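The values are calculated or read from the model by the stated rules, or taken from the named source; none is laboratory data. Everything numeric here is computed off the predicted structure, so don't read it as measured data. We place every Cβ from the backbone using ideal geometry, glycine too, and count neighbours over all the protein chains shown.
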Ligand SMILES: [Zn+2]
């Protein structure tokens, strides 16, 4: 991992980057893929003038190298800056550097994986970007809780957009169908053996970090009884991410409530 800061005022963030990388490795039982990625990652930390919850990062699968750009505002609380860094690391975790387009275990909606979460439909249209953003926020919040405890979580929540707060709630509702809540897991990919039996604490998070998200889509479509149910949901979330329309939000929550009810019936 190489870190470059654009101004000396941002030098303090280098320590935060190392703390976040460390915490992610501690939070992953199966951390081999992620630690290999960290070896080749180039991180730049750049200033952003205004107080903002915005952040951006890019990763490039070519040459198995990746670049993560992190924009921070030095006046932000340190917990929030750490959150911004952790959010970008979460994206890095979801990118398969070995083989971005072929990684796929195709889901039954015909889509292929672009990252572990973002998909390309059979007609080549991208969807799930907003779901990935929400998942990245959730993972970043999990890391914040591990580093700073509940006070840190509160400070970060205060600075989030309304949209992000809804997205966190949506991810919680979605993932609760697949097992334990993330904050109740000691590891993101918690897996435990007792005797000969192993069990996954939360299939959702396990599948995200093992690049098997197609399985989550299949489960979802099976429960809802239509082959495009997940992609419709993910597209609505993309729409909400762009527009923040209250009607789209309503649609998302009612989809989730139906999903929860149907999943309970099947269990
Ligand atoms: Zn993001």
message: Condition (residue is modelled with pLDDT under 85 and out of contact with any strand residue (DSSP E or B) (no Cβ under 7 Å at 6 or more places or on another chain)) applied to segment 12-25: is it met by at least one residue?
response: no
message: Looking only at segment 117-132, filter to residues that are without any contact (Cβ under 8 Å) to a residue 60 or more places away in the chain and outside any loop (DSSP other than H, G, I, E, B); which one of those is nearest to the ligand (Cβ to nearest atom)?
response: 132
- request: Report whether or not residue 135 is part of a helix (DSSP H, G or I), over 17 Å from residue 170 (Cβ atoms), within 16 Å of the ligand (Cβ to nearest atom) and touching a helix residue (DSSP H, G or I) at 6+ places or on another chain (Cβ under 7 Å).
  value: no
- line: Across (1) out of contact with any strand residue (DSSP E or B) (no Cβ under 9 Å at 6 or more places or on another chain); (2) modelled with pLDDT under 95; (3) over 14 Å from residue 86 (Cβ atoms), residue 171 clears everything bar (2)
message: So residue 88 passes all but one of these: (1) at pLDDT 80 or above; (2) part of a loop (DSSP other than H, G, I, E, B); (3) within 13 Å of the ligand (Cβ to nearest atom). Which condition number does it fail?
response: (2)
task: Take segment 138-154 and flag every residue that is more than 16 Å from the ligand (Cβ to nearest atom) and crowded, with 24+ Cβ neighbours inside 10 Å.
output: none
query: Yes or no: residue 165 within 16 Å of the ligand (Cβ to nearest atom) and in contact with a helix residue (DSSP H, G or I) (Cβ under 8 Å, 6 or more places away or on another chain)?
result: yes
- prompt: Within segment 54-80, how many residues turn out to be over 23 Å from residue 211 (Cα atoms), in contact with a helix residue (DSSP H, G or I) (Cβ under 6 Å, 6 or more places away or on another chain) and either more than 11 Å from the ligand (Cβ to nearest atom) or at pLDDT 55 or above (or both)?
  reply: 6
Verdict on residue 179 being at pLDDT 90 or above, crowded, with 18+ Cβ neighbours inside 10 Å and within 16 Å of the ligand (Cβ to nearest atom): no
- prompt: Looking only at residues in segment 101-116 that are surrounded by fewer than 17 Cβ atoms within 10 Å (Cβ to Cβ) and at pLDDT below 60, which one is nearest to the ligand (Cβ to nearest atom)?
  reply: 101
